[in-house]
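Reviewing the structure listed below.
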Amino acid sequence: MCGITGYIGKRKACQVVLDGLCMLEYRGYDSAGIGLFDEKGKMQVAKKAGFVSGLKKLAYDRQGCCAVGHTRWATHGLPNTANAHPHKCGRFCLVHNGIAENFAGLKSDLQKKGKKFLSQTDSEVICALLDDLYDGDVLDTMGRVAKMIKGSFAIAFLCNDFKDKIFVIKKNSPLAIGLGKDESFVASDPVAFAKYTDKTVYLKDNEMGIVDKNGLQLFDFCKNKKTVHIQNTNLFCDGDGQKVKSFTKKEIFEIPRALRHTANDFFADDKIISKTIDIFSKNDKVILTGCGTAYNACLVGKYTWEKVLRLPVQTELASEFRYQNPIVDKNTVVVAVSQSGETADTLQATKLAKSRGAKVVAITNVSHSSITKNADLVLHTKAGQEVAVAATKSYVTQILLFLCVASVLCKQSKAVKEIKKQIDDLPYLASKALLLDDKISKLAKEHCKKQGVFFVGRGLDYPLATEGSLKLKEVTYMHSQGFAAGELKHGSLALVDKNVLVVGIVTQKKVADKTFNALHEVSSRGGKVLVVTQFEKMAKEFGADGLLCLPGATDLLMPMIAVIPLQLFAYHVSVARGINPDKPRNLAKSVTVE
Ligand code: M6R
């Protein structure tokens, strides 16, 4: 998964393309590059390992009005400058997002013809193939190449014979074209050009096009002309990344607002509510699926729906779902949760579910994302754009939507009233949890050198423990694991000593004393215990090494409140260890490879 941008028009293309790449760094930031026609019409390439900011220093002021750019998350080949895009072969200069699964065979055929390669990437092979097959008809060559590549691709390239055009091809990876006045834009996500235009064309799979300053001509892979459908994207543009000290922290502090918007939006939409009731009342099996944090939100969703609705719910990791020959039929609802709506495993899970006749409900933060195209119903988290790699505000809004759905499916009017009242209080309670920030910063400094950190909880605190642990691992590189508190004594307790921190999450009334029992087992083995709880008295009696007291709330709300100190803890430990929490190593915000 990578980010692509492109520009043709009257502005300085380098600036538009590089600014756009900054907005797309959530898709990868191993290396970045730009290919352009300079003011003399000469094709130039500049690329560099590392963040887009490094490339900006190299190329921001270059002249020229037509360029393509790329920010990379390495799939084939090391994250170095040679493997950075664009790749240049003969007349062509190309950027690519996706994976050409059959690249090895294509490469060896080209090598037999004498072609030399400078990188280890599958993308350079695509560029070389274009060059090899080119006979003066670019469109024809594009169609032939597109049909030869197996896998997924969003491609943008320049050709030396057409200095005022960008060529694009799409299959299974997102690509959008922005249309302005005498200028056009190309991007993996329209957020990259949102400040210039809101007129967007989303390319469909198996489409290719020619972009110039007057717009887009669209074709299928057999060169048949296709109609261009322009949509209005009204995106919230988050301004210049340089001015924000940390997106991770900023986004955690946006949680109260995100919760308010998500609930208001859901309850104001009668059509969505009646469609929700319709879909769930006609089906008797429910599967929740997603990856990473989105999967952790599914775990909370399962507890919530089983508790409120007494509805049996299954959870499946999307990355496992399609390989298990899952029992899914027309009586099943598959709820796919994805902040980006582009995660390849989650998308494939929805495709499989659809092919077996199931209804698909998408919970996503990006209203125009690929996942929405496979869905019978889209529930929109209104978290606003999430830039930091660690999912924070999107997680709480996903959980909130599970609760909102429970409230409209629940047949007991008293319970519904109660849930809605709780949801109203939620943004305020979340703001109270944010007040713990200073205290957490001190605790983070104290514990940032621990050998390992375990998170434990029972009931709804168990999925929360897995999320707290994922967040910590992701932005601090510390070893960590989330457990059901009762499981500790079945093996993992052997790992506990004075170098280990155990974070006990105790928010569920019925099981609070049981979790404190597990924490006693930890402290009597010399482990340090940090308690996150709404039961201050019990925690003081226990005598924790550190205590974070949460505002009181009912069980179902607690995952959305208690996760805030866990996210802040991960953030502050990351800073204390000298890591940039916004861009942890080896990761990318949107994982569009399987
Ligand atoms: O965009 P998605 O919600 O589908 O992304 C799924 C995971 O890749 C994502 O939640 C990942 O685990 C986060 N970086 C965790 O903070």
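The values are calculated or read from the model by the stated rules, or taken from the named source; none is laboratory data. If you're wondering where the values come from, they're calculated on a predicted model, not measured in any experiment. Cβ sites come from the backbone with ideal geometry, for glycine too, and all protein chains shown count toward neighbours. Ligands, DNA and RNA are stripped out before the accessible areas are found, and what is left, the full protein with its side chains, is counted by its heavy atoms. Shrake-Rupley method; radii C 1.70, N 1.55, O 1.52, S 1.80 Å.
Mind listing just one residue for me: the one in the range 55-75 that is open to solvent by less than 20 Å² (accessible area, probe 1.4 Å) and in a helix (DSSP H, G or I) and, of those, nearest to Lys10 (Cα to Cα)?
Pass one, the range 55-75, residues open to solvent by less than 20 Å² (accessible area, probe 1.4 Å): 55, 59, 64, 66-72.
With in a helix (DSSP H, G or I) added as a condition, the list becomes 55, 59.
On the way: Leu55: 22, Ala59: 18 Å.
Result: Ala59.
So is Lys393 closer than 14 Å to Ser338 by Cβ and under 19 Å from the mean Cα position of the chain (by Cα) or not?
Answer is no for this residue.
In this structure, is Lys116 in a loop (DSSP other than H, G, I, E, B), basic (Lys, Arg) and either modelled with pLDDT of 95 or more or over 18 Å from Lys171 (Cα atoms) (or both)?
yes
Here are some conditions: (1) modelled with pLDDT of 95 or more; (2) not assigned by TED's automatic domain parsing to the domain that holds His479. Leu587 meets all but one. Which one does it not meet?
(1)
More than 18 Å from Gly6 (Cα to Cα), among the aliphatic types (A, V, I, L, M), open to solvent by 10 Å² or more (accessible area, probe 1.4 Å) and free of Cβ contacts under 8 Å to residues at least 60 places away in the same chain, is that true of Leu133?
Taking the combined requirement at face value, the residue satisfies it.
Using the structure shown, decide if Val405 is of a type in the set (A, V, I, L, M, F, W, C), open to solvent by less than 10 Å² (accessible area, probe 1.4 Å) and at pLDDT 90 or above.
In short, yes.
Could you say whether any residue in the range 509-527 is within 16 Å of the ligand (Cβ to nearest atom), in a helix (DSSP H, G or I) and closer than 26 Å to Ser574 by Cβ?
The answer is no; no qualifying residue exists.
Could you pull out every one of the helices (runs of 4 or more DSSP H) wholly within the range 279-393 that has 3 or more residues that are open to solvent by 30 Å² or more (accessible area, probe 1.4 Å) and closer than 23 Å to Ala258 by Cα?
Fully inside the range 279-393 and qualifying: 292-309.
Give the range 454-477 a look and list any residue that's open to solvent by less than 10 Å² (accessible area, probe 1.4 Å), outside any strand (DSSP E or B), within 16 Å of the ligand (Cβ to nearest atom) and touching a residue at least 40 places away in the same chain (Cβ under 8 Å), or say none.
Pro463, Leu464, Ala465, Glu467, Gly468, Lys471, Leu472, Val475, Thr476
Inside the range 426-453, can you point out the residues that are within 18 Å of Val506 (Cα to Cα) and open to solvent by less than 10 Å² (accessible area, probe 1.4 Å)?
Ala430, Ala433, Ile440, Val453
Quick test for you: out of Val300, Val334, Val360, pick the one residue that is over 30 Å from Lys473 (Cα atoms) and at pLDDT 95 or above. Working first, answer last.
Working: Val300 fails: over 30 Å from Lys473 (Cα atoms); Val334 fails: over 30 Å from Lys473 (Cα atoms).
Matching residue, one of Val300, Val334, Val360: Val360.
From the set of residues in the range 333-371 that are touching a strand residue (DSSP E or B) at 6+ places or on another chain (Cβ under 6 Å) and of a type in the set (Gly, Ala, Ser), which is farthest from the ligand (Cβ to nearest atom)?
Only one residue fits best here, namely Ala358.
Would you point out the residue of the range 76-118, among those that are charged (D, E, K, R) and without any contact (Cβ under 8 Å) to a residue 12 or more places away in the chain, that is least open to solvent (accessible area, probe 1.4 Å)?
First pass over the range 76-118, keeping only residues charged (D, E, K, R): 88, 91, 101, 107, 109, 112-113, 115-116.
From what's left, without any contact (Cβ under 8 Å) to a residue 12 or more places away in the chain: 109, 112, 116.
Details: Asp109: 84, Lys112: 162, Lys116: 152 Å².
Per the stated criteria, the residue is Asp109.
Residue by residue, here is whether (1) of a type in the set (Ser, Thr, Tyr); (2) open to solvent by 30 Å² or more (accessible area, probe 1.4 Å); (3) modelled with pLDDT of 95 or more holds:
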| residue | (1), (2), (3) |
| --- | --- |
| Gln508 | no, no, yes |
| Lys514 | no, yes, no |
| Val531 | no, no, yes |
| Gln534 | no, yes, yes |
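Which is polar (S, T, N, Q) and open to solvent by less than 10 Å² (accessible area, probe 1.4 Å), of Ser123, Ser152?
Ser123
For the range 9-53, which positions are open to solvent by 20 Å² or more (accessible area, probe 1.4 Å), under 18 Å from Thr197 (Cβ atoms) and touching a Leu at 6+ places or on another chain (Cβ under 7 Å)?
none
Given the residues Leu488, Leu426, Leu435, Leu470, which is the only one that is under 24 Å from the mean Cα position of the chain (by Cα) and not aromatic (Phe, Trp, Tyr)?
Exactly one residue qualifies, and that residue is Leu470.
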